[in-house]
1. Only one residue in Pro197, Pro169, Pro203 is in contact (Cβ under 8 Å) with a residue 12 or more places away in the chain and within 26 Å of Ala353 (Cβ to Cβ). Which one?
2. Restricting attention to region 72-106, which residues are among the small types (Gly, Ala, Ser) and touching a residue at least 12 places away in the same chain (Cβ under 8 Å)?
3. Give region 17-34 a look and list any residue that's under 20 Å from Arg243 (Cα atoms), surrounded by 14 or more Cβ atoms within 10 Å (Cβ to Cβ) and either more than 22 Å from the chain's Cα centre (by Cα) or among the small types (Gly, Ala, Ser) (or both), or say none.
4. Which of (1) part of a helix (DSSP H, G or I); (2) modelled with pLDDT under 95 is the odd one out, the single condition Met273 does not satisfy?
5. Out of Asp42, Asp99, which single residue is surrounded by fewer than 16 Cβ atoms within 10 Å (Cβ to Cβ) and over 30 Å from Gln378 (Cβ atoms)?
6. Taking region 174-192, which residues are surrounded by 11 or more Cβ atoms within 10 Å (Cβ to Cβ) and of a type in the set (A, V, I, L, M)?
7. Just one of (1) in the same structural domain as Ser322 (by TED's automatic domain parsing); (2) of a type outside the set (A, V, I, L, M); (3) in a loop (DSSP other than H, G, I, E, B) trips up Glu95, so point out which.
8. Can we say Lys171 is surrounded by fewer than 14 Cβ atoms within 10 Å (Cβ to Cβ) and of a type outside the set (Asp, Glu)?
Amino acid sequence: MSKTLEITLEGGLEEGTPVYKTLLESLPYYLGGQYAVSLQQDKLVIAGVAQSQESEITQAALEAYLAANKEHERVEERCLHSYAGPHALHEGVFEALRDQGSVMPTGFGKLAYTGLVAEVFQGLDQFIRGYCLEQGAHQELYPPVVEGDTLSRAGYFNILAQHAYFIAPLKTSLDALRAASEGDTLKEDGEQYLQAPQWVMSPTVCHHCFEARKDASVQLPLKVTAINQCARYEVHDTHGMRRLRMYWMREFVLFDQEESAIVEFLDSLVEFMIDALKRWGISHEVVTANDPFFSNSATSKRTFQSMFALKRELKLPIPGGSLACASFNNHQRSLVEPFNIQKSGSTTGKDIASGCVAWGYDRLLYALFCQLGVDVSQWPAPVRSDLNL
């Protein structure tokens with residue numbers, strides 16, 4: 001016989017905080033993934049727990065909560081800039097866009113866009129892409145997957161392994177072919193028919209840029225922009241546009257000799273977005289940030305990033321919280337070194353650094369509709385002009 005556990009969390013838990021986000025992501029791994037979990041202010045609610053496992057599950061959940069708090073005890077998000085626009089937030093935006101047919105859910109965390117949303121998407125990318133090209137970037141096109149070794153070099157599996165989508169082909173056997181034809185590979189034990197994965201669906205755009213240049217020399221400065229659909233496994237909250245498993249991202253990557261050039265590059269992109277959002281009347285803030293994870297080995301990286309503002313996020317208010325819609329990342333030498341990328345003609349191999357800006361288009365779209373409403377004809381003239389709507 002099963003029951004629903006309600007575990008009181010000492011000190012409570014505010015939705016949208018780093019601890020809340022980390023706990024939400026880590027709980028399935030502490031609990032084994034087979035329980036329905038929700039967080040309700042000061043209570044953690046876990047459904048479907050057998051009475052014989054009540055004590056074990058309670059202990060595991062509290063361990064996850066304590067670990068999430070410990071991960072963030074030395075890290076504080078600092079607001080670097082904020083702007084309050086004139087627009088009231090609109091409720092029910094996703095439902096309205098879905099009902100009018102502009103957003104078509106095709107699975108958990110997977111959407112198709114058409115009509116109005118597709119037009120705004122194209123206008124937004126044209127606007128951002130145009131700025132990247134004006135700043136001297138050249139365009140590149142990438143496949144939808146990266147080598148597993150690429151993410152290993154980048155340290156992705158050390159901090160974000162829970163979000164990786166591995167790709168595996170069928171084993172070269174008649175049994176595997178029969179299993180696939182009968183749908184058995186899609187069942188719980190279907191992995192027995194699959195080869196060991198070598199590829200991973202791309203979680204970002206910039207990993208491609210480094211993968212393409214590993215063990216190579218480049219002329220500096222090098223500016224690259226690209227758009228790709230990326231993938232990230234999410235356990236919770238994948239029924240709207242706030243958190244997706246498949247999402248669109250454009251990035252602008254810079255390689256340069258001096259880290260000061262990377263800082264200036266990132267600062268200029270922050271100012272570009274601030275100027276645009278103010279012109280559009282869009283409320284926003286820029287904050288120091290760090291990569292989400294719950295691996296103890298990564299705690300020093302989280303603190304280091306926050307302390308020196310190596311990662312900044314652009315957040316836009318939506319009903320019930322805010323969304324990180326863009327990030328500005330100073331890699332320093334943390335990626336050029338593992339990929340052995342050097343400056344052309346360099347004798348030391350040390351005179352190169354990198355940084356990138358990433359725009360999450362699905363979130364940015366959603367936040368714009370939440371602040372401006374679903375009737376684009378009523379959007380402010382500067383928005384419609386900049387996005388050619």
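The values are calculated or read from the model by the stated rules, or taken from the named source; none is laboratory data. What you see is a predicted model, and the numbers here were worked out from it, not measured in a lab. We place every Cβ from the backbone using ideal geometry, glycine too, and count neighbours over all the protein chains shown.
1. Pro203
2. Within region 72-106, Ser82, Ala84, Gly85, Ala96, Gly101, Ser102 qualify.
3. Listed by number, the list holds a single entry, Ser26.
4. Single failed check for Met273: (2).
5. Only one candidate qualifies: Asp42.
6. Listed by number, the residues that qualify are Ala176, Leu177, Ala179, Ala180.
7. (3)
8. No; evaluated as a whole, the condition is false for this residue.
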